[in-house]
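The structure appears below as structure tokens.
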Amino acid sequence: MTINIILLGPPGAGKGTQARTLVEDRGLVQLSTGDMLREARTSGTEMGRVVADVMDKGQLVTDEIVIGLIREKLETVDAPGFIFDGFPRTLPQADALEELLAGMGRKIDAVIEMQVDDAALVDRISGRFTCGNCGEVYHDTTKPTTEPGKCDVCGSTDLRRRADDNADSLRTRLLEYYKKTSPLIGYYYAKGQLHPVDGMAEMDAVGRQVAGIMDGLSG
Ligand code: AP5
């Protein structure tokens, strides 16, 4: 049985954090369009330069580019299931995903909507840093490294903050979310696929809610 889920929620809701737990616990493959785009922006290509400019402003990259990135992964990565993290973000992206999965004889089993207050998002984004080597996500107050400046998971000292994690860019990212992505909540609710979770709870408690939904799908 394959399981394919979408993690849906505003910037800083905890999608990446929960996706990493699901990868570890359930062997699913995380497909984060944000990570793919961050990789593309370092490629030195014209596409990379366009993507970097759009991301730093907090706007959405075109549907054509992100659908192309997801298509390429689905065609080349073999997995028992996928976690779509930060994709889809528009209705055309949702339609494209459904079509791509249908072509593989797969479907979306659940859309997990992470609900977090806007004020908490600002706090989460401004305190976030990640390990440049293994991708572990930290926070200055809610999840600091045990040893300052050193990743708990891989020991790397390459800890980074994202260029788009600043107040101006975050304002645009939130506007983009409410304008273009939040309509997906109603869309997936109407399809009977929406599973809201209280993303304001502490990380492990959110993880338990997500695990409960996953167990319900596989059981
Ligand atoms: P992307 O990389 O997808 O960023 P995002 O959606 O803005 O989400 P984030 O990665 O900021 O947050 P998250 O929900 O993963 O939270 P995290 O777990 O890190 O996209 C970046 C950009 O790429 C976009 O703006 C756009 O330009 C472009 N893009 C990407 N996909 C696209 C698409 N499909 N279409 C078009 N453009 C696209 O947690 C945040 C912090 O909070 C961390 O420090 C964490 O430790 C902490 N935290 C997590 N959970 C909790 C908790 N329960 N309690 C307290 N703290 C917590």
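Restricting the range 142-153 to residues that are β-branched (Val, Ile, Thr) and more than 9 Å from the ligand (Cβ to nearest atom), which is surrounded by the fewest Cβ atoms within 10 Å (Cβ to Cβ)? Out of the qualifying residues, it is 146.
Would you point out which residue out of 118, 158 is of a type outside the set (Ser, Thr, Tyr) and in contact with a helix residue (DSSP H, G or I) (Cβ under 8 Å, 6 or more places away or on another chain)? Before you say what the answer is, go through the steps one by one.
Working: 158 fails: in contact with a helix residue (DSSP H, G or I) (Cβ under 8 Å, 6 or more places away or on another chain).
That would be 118, the only listed residue that is of a type outside the set (Ser, Thr, Tyr) and in contact with a helix residue (DSSP H, G or I) (Cβ under 8 Å, 6 or more places away or on another chain).
Select from the range 10-34 the residues that are among the aliphatic types (A, V, I, L, M) and within 11 Å of the ligand (Cβ to nearest atom) and write down the one among them that is surrounded by the fewest Cβ atoms within 10 Å (Cβ to Cβ). Quick ask: steps written out before the conclusion?
Step one: list which residues in the range 10-34 are among the aliphatic types (A, V, I, L, M), which gives 13, 19, 22-23, 28-29, 31.
Filter once more, so that each one left must be within 11 Å of the ligand (Cβ to nearest atom): 13, 19, 31.
Details: 13: 24, 19: 25, 31: 22.
Selected residue: 31.
Considering 33, 42, the condition of being at pLDDT below 95, closer than 27 Å to residue 171 by Cα and among the polar types (S, T, N, Q) is satisfied by 42 alone.
For the range 81-95, taking the residues that are farther than 13 Å from residue 188 by Cβ and more than 9 Å from the ligand (Cβ to nearest atom), the one that is surrounded by the fewest Cβ atoms within 10 Å (Cβ to Cβ) is identified as 92.
Residue 139 satisfies every condition listed in (1) within 11 Å of the ligand (Cβ to nearest atom); (2) out of contact with any Lys or Arg (no Cβ under 6 Å at 6 or more places or on another chain); (3) farther than 28 Å from residue 63 by Cβ except (2).
When 169, 156 are checked against the criterion of being within 12 Å of the ligand (Cβ to nearest atom), open to solvent by less than 70 Å² (accessible area, probe 1.4 Å) and in contact with a Gly (Cβ under 8 Å, 6 or more places away or on another chain), 169 stands alone in meeting it.
Mind checking whether some residue in the range 102-112 is free of Cβ contacts under 8 Å to residues at least 12 places away in the same chain, assigned to a loop (DSSP other than H, G, I, E, B) and over 18 Å from the mean Cα position of the chain (by Cα)?
Yes, there is a match, as at least one residue in the range 102-112 is free of Cβ contacts under 8 Å to residues at least 12 places away in the same chain, assigned to a loop (DSSP other than H, G, I, E, B) and over 18 Å from the mean Cα position of the chain (by Cα).
Given the criterion assigned to a strand (DSSP E or B), within 13 Å of the ligand (Cβ to nearest atom) and not basic (Lys, Arg), identify the matching residue among 7, 37. Talk me through it step by step, then tell me what you get.
Numbers: 37 fails: assigned to a strand (DSSP E or B).
Of 7, 37, the one residue that is assigned to a strand (DSSP E or B), within 13 Å of the ligand (Cβ to nearest atom) and not basic (Lys, Arg) is 7.
Filtered by the rule that a residue be part of a helix (DSSP H, G or I) and open to solvent by 40 Å² or more (accessible area, probe 1.4 Å), the range 186-212 gives 186, 187, 189, 190, 203, 204, 208, 209, 212.
Just to verify a result, which residue in the range 40-77, among those that are among the basic types (Lys, Arg) and touching a Lys or Arg at 6+ places or on another chain (Cβ under 8 Å), is farthest from the ligand (Cβ to nearest atom)? So that I can check it myself, show each step before the final result.
Here is the first cut: in the range 40-77, the ones among the basic types (Lys, Arg) are 41, 49, 57, 71, 73.
Subsequent filtering for residues that are touching a Lys or Arg at 6+ places or on another chain (Cβ under 8 Å) retains 41, 49.
Numbers: 41: 9, 49: 14 Å.
Looking at the filtered set, the residue picked out is 49.
With respect to being more than 30 Å from residue 96 (Cβ to Cβ) and within 11 Å of the ligand (Cβ to nearest atom), residue 127 fits the description.
Please pick out the residue among 126, 43 that is hydroxyl-bearing (Ser, Thr, Tyr) and in a helix (DSSP H, G or I). Before the answer, list the steps.
Working: 43 fails: in a helix (DSSP H, G or I).
Being hydroxyl-bearing (Ser, Thr, Tyr) and in a helix (DSSP H, G or I) holds for just one of 126, 43, which is 126.
The values are calculated or read from the model by the stated rules, or taken from the named source; none is laboratory data. The shown structure was predicted, so the numbers you read here are calculated from the model rather than taken from an experiment. All Cβ positions, glycine included, derive from the backbone under ideal geometry; neighbour counts span all protein chains shown. The area values use the complete protein model at the heavy-atom level, side chains included, leaving out ligands, DNA and RNA. Shrake-Rupley method; radii C 1.70, N 1.55, O 1.52, S 1.80 Å.
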